[in-house]
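Read-outs throughout are calculated quantities, based only on the coordinates presented, and are distinct from any laboratory measurement. Everything numeric here is computed off the predicted structure, so don't read it as measured data. Here the Cβ positions follow ideal geometry from the backbone for every residue, glycine too, while neighbour counts run over all protein chains shown.
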Amino acid sequence: MPRVFRFAPSPNGLLHLGHALSALINRDAAAAAGGTVLLRLEDIDRERCREAYAAAIVDDLGWLGVVWPEPPRRQSDHFPLYRAALDRLAARGLVYPCFCTRGAVLAASAAKAAAEGAPRPVDPDGAPVYPGTCRHLPAAERARRLAEGWPAALRLDVARALAEDPAPLRWRECGAGGGEDQPSRDVSADPAAWGDALLARRETPTSYHLSVVVDDAAQGVTDVVRGLDLFHATSLHRLLQRLLGLPAPRYHHHRLVLDAGGDKLSKSRGAPSLRDLRAEGLSPADVRRRVGLPV
Ligand code: GLU
């Protein structure tokens, strides 16, 4: 079976060395496996994504030598597909509307923790776990709010979702490139660590987690190679794949490029863009050296 990798940046800024490492690891792994890398522009956030960034990403990747055999997939072209996936989950009672603002979630989770005399539970990204306020809404109240047009997000009822199929949920974590000759291990997924995750936002009719699993399946992705910062997200992705009957790709979560303070590179902390580095005269080989890849 041909191996299909993907690189999936969000066009909400310029690429930096962290993106370059991820794109190049995908490129090298696909080349070693005789496979391909697809480009996917994760542009569901219509407020923050810009056409100019999408064009710059395509240009910078071409300069780096990352090529893709078909036009990039844009998530903003596929909102109906994500909607259909949500509808399938809703028909099984696995999602519910959530009317809470961000502030209300913070306040409710602090109040719950205080009442229980326990520390506030946080998800693997350090955000407070949703305390379940809207999961407990009486049906009539929920219907009233929806009829009145209250803005609503959609959350996964993770306990119900796990109860649908009690079989253990795992993923296969492979070495870089996922070659058969490389060590791999099974990782136990723990989707409940995320609480009732958001599958659609008030202002965006989908979420990163939902779109990524729908698209990986739609694009026939066999190998998901991405940064270690998304390791725990894979738990939720495996649950969504099982609920939606989608195939499980192999996974490889690679090291991150850190800044001088030991933090993951980010635009907000002033990481130089590939654009800047190109303007300074760096070559694609220099970029490989900078991110610790063989030239
Ligand atoms: N769009 C995500 C990001 O830029 C990556 C998603 C993924 O590789 O699953 O961080």
Item to check | Full-extension gain in nm, PHE231 to ASP125, via 0.36 nm per residue minus C-alpha separation | outcome: 37.1 nm
Item to check | Normalised contact order of region 214-295, rounded percent, pairs of Cα under 8 Å and 6 or more residues apart | outcome: 26
Checklist entry - What fraction, in whole percent, of alpha-carbon pairs in region 210-264 exceed 20 Å separation? => result 28
Checklist outcome for this item: Within the chain, the cysteines whose Cβ lies no closer than 4.7 Å to any other cysteine Cβ are CYS49, CYS100, CYS174
Checklist entry - Remind me, relative contact order of the chain in percent, using alpha carbon pairs under 8 angstrom and six or more residues apart? => result 24
Next on the checklist: Can you tell me, using C-alpha contacts under 8 Å and at least 6 residues apart, the relative contact order of region 49-167 as a whole percent?
Outcome noted: 29
Checklist entry - How large are Rg and Dmax for region 220-295 when only the alpha carbon atoms are used, in Å? => result 16.5, 49
Checklist entry - In nm, what is the difference between 0.36 nm times the number of residues separating LEU256 and ASP59 and their Cα-Cα distance? => result 68.7 nm
Next on the checklist: Compute and list, largest first, the equivalent-ellipsoid semi-axes of region 9-87 from the alpha carbon gyration tensor, each √(5λ) rounded to a whole angstrom.
Outcome noted: 23, 17, 10
Checklist outcome for this item: Between the Cα axis of helix 51-64 and the main Cα principal axis of the chain, the angle (0 to 90°, nearest 10) is 40
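Mind checking the dipole of region 101-160: about its Cα centre, +1 per Lys or Arg Cβ, -1 per Asp or Glu Cβ, Debye to the nearest 20?
140
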Item to check | Cα centre as origin, Lys/Arg/Asp/Glu Cβ charges: region 188-233 dipole, Debye | outcome: 140
Item to check | Pair ALA192, LEU81: separation of 7 Å Cα→Cβ label points (nm) | outcome: 3.3
Checklist entry - How large is the convex hull of the Cα atoms of region 46-147 per residue, expressed in Å³ as a whole number? => result 189
Checklist outcome for this item: Cα-based Rg and Dmax for region 79-127, in Å, come out at 15.2, 44
Next on the checklist: Using C-alpha positions alone, give me the convex hull volume of the chain per residue in cubic angstrom.
Outcome noted: 155
Item to check | Shape of region 163-269, Cα gyration tensor, a/c cut at 1.5 | outcome: oblate
Checklist entry - Can you list, bin by bin at 5 Å, the percent of alpha carbon pairs in region 80-239, starting at 0? => result 1, 8, 15, 19, 20, 16, 10, 6, 3, 2, 1, 0
Next on the checklist: On C-alpha positions alone, give me the angle between the axis of helix 17-33 and the longest principal axis of the chain, in degrees, nearest 10.
Outcome noted: 70
